[in-house]
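To keep things clear, I will list the structure first and then write my remarks on it.
Each reported figure results from applying straightforward, stated rules to the coordinates on display, with no laboratory input. Just so it is clear, the structure is predicted and the values come from calculations on it, not from any experiment. Positions of Cβ are generated from backbone atoms using ideal geometry, with glycine treated the same way; all protein chains shown enter the neighbour counts.
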Amino acid sequence: MRGTVFGIRKALAVEVLNSYTHAATKAGIGLAVALTLPIGDTDMSRRRMVYEGKAKVIYAGPEPGTLVQHFKDDATAFNAEKHAIIEGKGVLNNFISEYIMKHLNTVGIPTHFIRRLNMREQLIREVEIIPLELVVRNVAAGSIAKRFGLEEGTALPRPIVEYYYKDDKLGDPMVAEEHIAAFNWASPQDLDDMVALALRVNDFMNGLFLSMGIKLVDFKIECGHVYEGEIPRVIIADEISPDSCRLWDVKTGQKFDKDIFRRDLGDLMDGYTEIATRMGVMPEKSVARPTGPKLVH
Ligand code: UDP
């Protein structure tokens, strides 16, 4: 009973936050101001945190089988050796990931995304995370360029799918199908489903970004199981954002993704703002940023 009342109160609180954020956006309150609004400050402390990662926090959701995914401003690279707080990054990733996941759902590529709740949070389906990251590459960049001595920007003869085992302590090592099968990280069927999803996402996002004058160089996805009755089904989880994709301007080759932070190429928020603006999901065009990124030691 208590659970139900609490559940209703939580659902109500979420609705209030929702309308609050809507009102703020409608009233033209900028992102900088919206960021300082007490969204979650009071409510969040009463929620049950399920997991805290480098860039996101997961809370128990208002209904069974749901979770709330909260996007933080933390940026990390090189297995968290480099870390900064970049004000507003979480908000932009929330909007950008919403845009992509919503489109994927629309074309029948199943994702965990249900709806955005407020500036920093979205309601998602609870999944059993499969401990693998799948990277799809269209163009050589980052680790593949280094590994094979390829010049960054070289188009690959076909999309390449790679597997990485999700383990921060080990630095997410690249693994082969043999390892996945031997250590039972995913069944052959799961892996088959994940690769099929990854390639569908790649095809879809290539077109989506191209229509915005952006080249999809590579990206990473994570997947999880949901149960429909007894039958497990693999769906896309986590986020798809400039934190997990390489996105270059088609004409100039300018980078709009997390490489700006990894390689100290300038202001990360400029790149993310450009993507959000081209998608038409920027909360307000001129984003005032009260402070720059702060290095965390
Ligand atoms: N990526 C990610 N999380 C990781 C590692 C990689 O989202 O823990 C993304 C990265 O942003 C890029 C793609 O996966 O879009 C390929 O990354 P790569 O293997 O080249 O590694 P990196 O050079 O980023 O270390």
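Where does the charge balance sit around residue 168 when Lys and Arg score +1, Asp and Glu -1, over other residues with C-beta under 15 Å from its C-beta? If you can, show how the numbers build up before the last one.
Numbers: positive: 54, 56, 82, 166, 169, 220; negative: 52, 74, 81, 133, 167, 172, 222, 238.
The answer is -2.
Please give, to one decimal in nm, the separation of the simple spin-label points placed at residue 155 and residue 270, each 7 Å out from Cα toward the Cβ.
It works out to 2.9 nm between the two label points.
Do any of 89/255; 72/251; 82/102; 56/251 go past 25 Å between their Cα atoms, and which? Before the final figure, lay out the partial values.
Values: 89/255 16 Å; 72/251 31 Å; 82/102 31 Å; 56/251 33 Å.
Pairs exceeding 25 Å: 72/251; 82/102; 56/251.
In which sequence would 111, 66 go, from the one with the fewest C-beta neighbours within 10 Å to the one with the most? Intermediate results must be reported in sequence, preceding the final value.
On the way: 111 24, 66 14.
Going from least to most buried by this count: 66, 111.
Please work out the FRET efficiency for the pair residue 179 and residue 252, using the Cβ-Cβ distance as r and a Förster radius of 35 Å; give the result to the nearest 0.05.
So the FRET efficiency works out to roughly 0.30.
What's the ranking of 239-247, 121-129 by average number of surrounding C-beta atoms within 10 Å, highest first?
Numbers: 239-247: 25.0, 121-129: 19.2.
Answer by packing, highest mean first, reads 239-247, 121-129.
Report the net charge of residues surrounding residue 214, where surrounding means a beta-carbon distance below 11 angstrom and charges are Lys +1, Arg +1, Asp -1, Glu -1. Before the final figure, lay out each step's value.
Numbers: positive: 215, 246, 251, 255, 278; negative: 249, 257, 274.
Charge balance near residue 214 sits at +2.
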